[in-house]
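Q: Right, I'll just put the structure down here and ask away after.
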Amino acid sequence: METKTFKPGDKVKIQTKSKTWEGLVLESHDSSIILLKLKSGYNIGIREGEILDAEVLAKAEGIKKEKPEIVVDSNLPNVALIITGGTISSRLDSKTGGVIGTDKDDILNIAPKLKEICNPIIVSPFMKMSEDMDPKDWIKIAEECEKYLNDESISGIIVTQGTDTLHYTASALSFFLRNLNKPIALTYSQRSVDRASTDASLNLVCAARYAVSEIAEVAIVGHRDSNDKVCLAMPATKTRKMHTSKRDAFHIINGEPIAEITKEKLIPLKDFDVRLLTKPKLDAKYSDKVALVRVYPGQDPSILEYYEKEGYRGIVLETTGLGHVPTKDSNNNWLPKIKKAILNGMTICAVAGTINGRLNPNVYSAGRDLQKSGIIYLKDMLAETALVKLGWVLAHKKWEVKEKMLENIADEYSPTLHN
Amino acid sequence: MEQIKEGKAQTKNTASSVTRHPSPSSVNPEGFTPASQSAHDYKKIGLKSGLEIHQQLDTHKLFCNCPSILRNDEHKYEVKRTLNPVVGETGIVDVAAKHEAAQNKDFIYQVYDTNCLVEIDEEPPHTINQEALEIALQIAHLLNCKIFPVTQIMRKTVINGSNTTGFQRTAMIAHDGYIEISTGKISIDALMLEEDSARKVSVNEDGTVTYKLDRLGIPLVEIATGPHMHTPEEIKEAALKLGEILRACKVKRGLGTIRQDVNISIEGSKRVEIKGFQDPKMMKKTIDLEIERQKKCVEENTCQEEVRNALPDGTTEFLRPMPGAARMYPETDHPLLKISRELMDRTKKNLPKLASEHKSYLSEFGLNDELIKLLLKQNMIEEFKTLLHSCDNHELIAKTLTLFQKEISRKENKELKEINEIFDAHMLESILEKVGKDISSNDVKGIMLKIVQGKTLSEATEKSDVDLRGEAEKLIAEKPGLSQGAYMGLLMGKFKGQVSGKDVSEVLKKIL
């Protein structure tokens, strides 16, 4: 019998030399292997060559899902839940055995307590893994946010996304949405929502607490540590993914948490911008001709010429130490090429490759020489935030670039360090 | 805090007990009485019974490189977690998972410096432990099973907190084997390789449960027999046979390293799994009482598939509904597990011998039954074989490996494990090679004792520089007319530990 006639989900009987198997066919990534789910729940593989006879007992049925009942409680505030993909919206696909995006409302299954805090209004402008996102996606999210910020019936916004580039999106929303009038929480999960240990459960509930709070700032809301107890609301422009897999992957760099949040309550930890009754302004112009270049020992500065040739208008350099690049004592002196690029109209900014700490170009002569080239030192700004800001600033033709890059627009500079 | 007395936990265990300790870990034969004396006519009521055996393997953990060491000392830190009910692969929340979800959700995990991020669910699992896979394949061969060329590591939803992930990783490795017992063949339905769960420490006042993570992730082989045992005697014999096969492979020994569950049904009832037998002697009584309970269920038409916990008095209590297929979904962090023909063949070629085979092998060396039993019990076959090259006194080799070490451990009031560690094969080889040259076979025990007392091998084997003959003549001259025994006593007292009684008596015999 032609095994090709099997479809994922079919109940089949397969005879091999050793045994007759009954089970559900799963989609196999290896075309020579039939993947079968047995009654015990175990999946096993049968090589196509071993099959002597096969029969379809029942055709695939649509999977019946237990859907959560969405009951709107008119006493609770409404919160827009903007879902864009990532682990927090990924679940196992029984057909393919791989991980796919969930149904939008699957997310409520894992955080039932969310519905005690707010009525979630779920929307999804797109679904993709965060490594596949680009600035156009940031703009789409910002536009979606603007809609709900202007909707009086909506109290706040939760955006869910994959962790890999979540801090870029957070920065973009901080710059794109001026005069922010409501809270925006970006949240995530590091363990997918099809497992009982998912961190999404606490993250979503805490994000909901933030979305109904008085804090009109963009924040990344997620685990403070490895325990499922406390989340932090972290400032959008001062937070970075610092671990590949842990629940507390996001760390605040050169900054302080906005609030501490548990399932029960939110405690502000600093002064914050309060809700406004005014309307926000969406300013989502963006030039993607900006690049992030990390400086390393012996690196050839010709990379700058490549970017110039490709029409790039801005480069953020992750410099060494307090803000250095290889200079005259090196075989690859960067100074002439930096000067030339700047003269040709390229904006070059320096951030700290050490991630933590603040630049200070006055300490060493290498820094003093570099200063003269016209490079803009971005003090304690995160490299990712700097990249997003540079793309945003360069898209505004009338703006004076250096002045704007040094202006503290979305708390991208620590107030105590901003001088 | 209420301390948990858990059948499968080894709260009294020390780290040592998971390395190499003798233990009769199979079902105790005393636990059964002949069918004729029992309360039930098993044939008539259609008793169907199967065994599920979980055996720890003696390797590092299944999905990370952490050592499989049980800890009773203070943990390094704690992690607090919540487990949430989730929708499984087929979109259905499993009935067993639902039941567990309705109970405790908050858990505390005690983390040791022998744990890593994998056990605390902060990192995806590493590649499956190859050694554990090979041991599982050996066991599969010994059970005459057919091995799956392709299988998938599954997640079995467990949300009682005993797994930080909320599931147990498990893979079906082999199927359809058999063992032979006196009444015929008992089929082996399936063999799984899976990770062990965390050990429960306590139930706290606020309802949270505390677990320690030392046991989580130790490789386990699960063997499920077919429901083909119709009397408790057959269950006993099958369990003993399976125990013998497992102990021939690289498995952990000692309390808690093997666990047995029994599946029972009678005509008209549904399958019930009984877990947590604390005392194997209670197995028969437990089965009889369960049959009684199932008879009642059949009458009342209230039978359901369920998991029950064996209590010390032989009764059982409801634990949870029997988990269904909805409980299992693939471990997406791993690709399909392919078992090559080469790996199947290689593991089949190097199969270990069973104890019964070892027994006949050892008796060829003229060892008595007691020594054979000790060698088997202490798992010293390989060491015995190695030492055959350095000495031709087989009995002496066996004694140095077993009896002598036991005696020294008692005499010096030291743990046998400590003594075992001193006398590894290398050390024993060095001692035995001197036999017949520098030392006599009678000296070996004394030399071993001296080494335990802190002497080096060369110090311990040094010949006494006492001029025994001269000393004896001097003594006889000083105190003439005493008996040989009296001279012997005086000399032994004077040169305590430096001379052997045998040497003294020989010298005296010559002079007197």
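Q: For the range B:337-397, give me every one of the helices (runs of 4 or more DSSP H) that falls completely inside it and has 3 or more residues that are under 22 Å from B:ASN420 (Cβ atoms).
A: Numbers: elements: B:341-349, B:355-363, B:369-377, B:381-387.
The qualifying helices (runs of 4 or more DSSP H) are B:355-363, B:369-377, B:381-387.
Q: Quick check, is B:ALA239 modelled with pLDDT under 90 and among the hydrophobic types (A, V, I, L, M, F, W, C)?
A: yes
Q: Any residue that is of a type in the set (S, T, N, Q), over 30 Å from A:ASP30 (Cα atoms) and outside any helix (DSSP H, G or I) - is there at least one of those in the range B:311-328?
A: Taking every residue of the range B:311-328 in turn, at least one turns out to be of a type in the set (S, T, N, Q), over 30 Å from A:ASP30 (Cα atoms) and outside any helix (DSSP H, G or I).
Q: Does A:ILE261 meet the test of being more than 14 Å from chain B (Cβ to nearest Cβ), touching a residue at least 24 places away in the same chain (Cβ under 8 Å), of a type in the set (Val, Ile, Thr) and within 30 Å of B:CYS116 (Cβ to Cβ)?
A: Yes.
Q: While we're on this one: For the subset of the range B:174-212 comprising residues that are of a type in the set (Ser, Thr, Tyr) and part of a strand (DSSP E or B), which member is farthest from the other protein chains (Cβ to nearest Cβ)?
A: Step by step, filter the range B:174-212, then rank; the result is B:SER202.
Q: Which condition does B:THR90 not pass, out of (1) modelled with pLDDT under 95; (2) under 25 Å from the mean Cα position of the chain (by Cα), if it passes all the others?
A: Here B:THR90 meets the rest and fails (2).
Q: Let me ask something else about it. I'd like the full set of residues that are facing chain B (nearest Cβ under 9 Å) and assigned to a helix (DSSP H, G or I), limited to the range A:188-212.
A: A:ALA200, A:SER201, A:LEU202
Q: Mind checking which pairs have a first residue in the range B:320-335 that is more than 7 Å from every other protein chain (Cβ to nearest Cβ) and a second that is in a strand (DSSP E or B) and acidic (Asp, Glu), Cβ under 8 Å, 6 or more apart or different chains?
A: Pairs that qualify, where the first residue is more than 7 Å from every other protein chain (Cβ to nearest Cβ) and the partner is in a strand (DSSP E or B) and acidic (Asp, Glu), are B:ARG320/B:GLU306; B:PRO321/B:GLU306; B:MET322/B:GLU273; B:MET322/B:GLU306.
Q: Now for a separate question. Residues that are in contact with a helix residue (DSSP H, G or I) (Cβ under 8 Å, 6 or more places away or on another chain) and acidic (Asp, Glu): does the range A:326-349 have at least one?
A: No, the range A:326-349 contains no residue that is in contact with a helix residue (DSSP H, G or I) (Cβ under 8 Å, 6 or more places away or on another chain) and acidic (Asp, Glu).
Q: Given the condition surrounded by fewer than 19 Cβ atoms within 10 Å (Cβ to Cβ) and within 14 Å of another protein chain (Cβ to nearest Cβ), answer yes or no: does some residue in the range B:385-392 qualify? Quick ask: steps written out before the conclusion?
A: Initial filter on the range B:385-392 (surrounded by fewer than 19 Cβ atoms within 10 Å (Cβ to Cβ)): B:385-386, B:388-390, B:392.
Applying the additional criterion that residues be within 14 Å of another protein chain (Cβ to nearest Cβ) yields none.
The answer is no; no qualifying residue exists.
Q: Would you confirm whether any residue within the range A:159-174 is out of contact with any Gly (no Cβ under 9 Å at 6 or more places or on another chain), more than 14 Å from chain B (Cβ to nearest Cβ) and not in a helix (DSSP H, G or I)?
A: Yes, the range A:159-174 has at least one match.
Q: A further question follows. Which condition number does A:MET133 fail, the rest of (1) of a type outside the set (S, T, N, Q); (2) over 15 Å from A:ILE184 (Cα atoms); (3) modelled with pLDDT of 95 or more; (4) surrounded by fewer than 19 Cβ atoms within 10 Å (Cβ to Cβ) being met?
A: (4)
Q: Right, here's the next one. Looking at this structure, is A:ILE315 at pLDDT 95 or above, assigned to a loop (DSSP other than H, G, I, E, B) and under 23 Å from A:THR237 (Cα atoms)? Step through it out loud before you land on a result.
A: Details: at pLDDT 95 or above: yes; assigned to a loop (DSSP other than H, G, I, E, B): no; under 23 Å from A:THR237 (Cα atoms): yes.
In short, no.
Q: Among (1) aromatic (Phe, Trp, Tyr); (2) crowded, with 24+ Cβ neighbours inside 10 Å; (3) more than 7 Å from chain A (Cβ to nearest Cβ), which single condition is B:TYR112 missing?
A: (2)
Q: Based on this model, can you work out whether A:LYS67 counts as modelled with pLDDT under 90, within 11 Å of chain B (Cβ to nearest Cβ), surrounded by 13 or more Cβ atoms within 10 Å (Cβ to Cβ) and closer than 30 Å to A:ASN203 by Cα? Outline the logic, then answer.
A: Details: modelled with pLDDT under 90: yes; within 11 Å of chain B (Cβ to nearest Cβ): yes; surrounded by 13 or more Cβ atoms within 10 Å (Cβ to Cβ): yes; closer than 30 Å to A:ASN203 by Cα: yes.
Spelling it out, A:LYS67 is indeed modelled with pLDDT under 90, within 11 Å of chain B (Cβ to nearest Cβ), surrounded by 13 or more Cβ atoms within 10 Å (Cβ to Cβ) and closer than 30 Å to A:ASN203 by Cα.
Q: B:PRO480 passes all but one of (1) exposed (fewer than 12 other Cβ atoms within 10 Å of the Cβ); (2) at pLDDT 90 or above; which number fails?
A: Status for B:PRO480: all satisfied but (2).
Q: A:GLU318 fails exactly one of the following numbered conditions: (1) surrounded by 16 or more Cβ atoms within 10 Å (Cβ to Cβ); (2) acidic (Asp, Glu); (3) more than 30 Å from A:VAL363 (Cβ to Cβ); (4) not assigned by TED's automatic domain parsing to the domain that holds A:GLU144. What is the number of that condition?
A: For A:GLU318, the failing item is (3).
Q: Here is a follow-up. Just a yes or no: is a residue in the range B:220-237 under 17 Å from B:ILE159 (Cβ atoms), of a type outside the set (A, V, I, L, M, F, W, C) and either in a strand (DSSP E or B) or over 23 Å from the mean Cα position of the chain (by Cα) (or both)?
A: Of all residues in the range B:220-237, those under 17 Å from B:ILE159 (Cβ atoms) come to none.
No, that holds for no residue.
Q: How many residues does the range B:157-188 contain that are among the charged types (D, E, K, R) and either under 17 Å from A:LEU35 (Cβ atoms) or buried (at least 20 other Cβ atoms within 10 Å of the Cβ) (or both)?
A: Matching residues across the range B:157-188 total 1.
Q: Sticking with this one: Hand me the list of strands (runs of 3 or more DSSP E) wholly inside the range A:225-304 holding 1 or more residues that are among the basic types (Lys, Arg) and surrounded by fewer than 17 Cβ atoms within 10 Å (Cβ to Cβ).
A: In the range A:225-304, A:290-294 are the strands (runs of 3 or more DSSP E) which contain 1 or more residues that are among the basic types (Lys, Arg) and surrounded by fewer than 17 Cβ atoms within 10 Å (Cβ to Cβ).
Q: Pick out the one residue from B:PRO219, B:PRO232 that is buried (at least 23 other Cβ atoms within 10 Å of the Cβ) and touching a Phe, Trp or Tyr at 6+ places or on another chain (Cβ under 6 Å). I'd like the intermediate steps shown before the answer.
A: Values: B:PRO219 fails: touching a Phe, Trp or Tyr at 6+ places or on another chain (Cβ under 6 Å).
B:PRO232 is the lone residue from the list that is buried (at least 23 other Cβ atoms within 10 Å of the Cβ) and touching a Phe, Trp or Tyr at 6+ places or on another chain (Cβ under 6 Å).
Q: Looking at the range A:347-372, which of its residues are of a type in the set (Phe, Trp, Tyr) and touching a residue at least 60 places away in the same chain (Cβ under 8 Å)? Break it down stepwise before answering.
A: Here is the first cut: in the range A:347-372, the residues of a type in the set (Phe, Trp, Tyr) are A:364.
Listed by number, the list is empty, since nothing qualifies.
Q: In the set B:ILE447, B:ILE419, which member is crowded, with 16+ Cβ neighbours inside 10 Å and under 29 Å from the mean Cα position of the chain (by Cα)?
A: B:ILE419
Q: Quick one: count up the residues across the range A:337-383 that are modelled with pLDDT of 95 or more and either over 35 Å from the mean Cα position of the chain (by Cα) or part of a helix (DSSP H, G or I) (or both).
A: Qualifying residue count for the region: 8.
Q: Could you list, in sequence order, all residues of the range A:289-329 that are among the acidic types (Asp, Glu) and either out of contact with any strand residue (DSSP E or B) (no Cβ under 7 Å at 6 or more places or on another chain) or more than 20 Å from A:THR354 (Cβ to Cβ) (or both)?
A: Across the range A:289-329, the qualifying residues are A:ASP300, A:GLU305, A:GLU308, A:GLU310, A:ASP329.
Q: Is it the case, given these coordinates, that A:LYS397 is over 29 Å from A:MET242 (Cα atoms) and buried (at least 18 other Cβ atoms within 10 Å of the Cβ)?
A: Criteria not met by A:LYS397.
The values are calculated or read from the model by the stated rules, or taken from the named source; none is laboratory data. Because the structure is a prediction, the values reported are computed rather than measured. Here the Cβ is made from the backbone with ideal geometry for all residues, glycine too, and neighbour counts use every protein chain on show.
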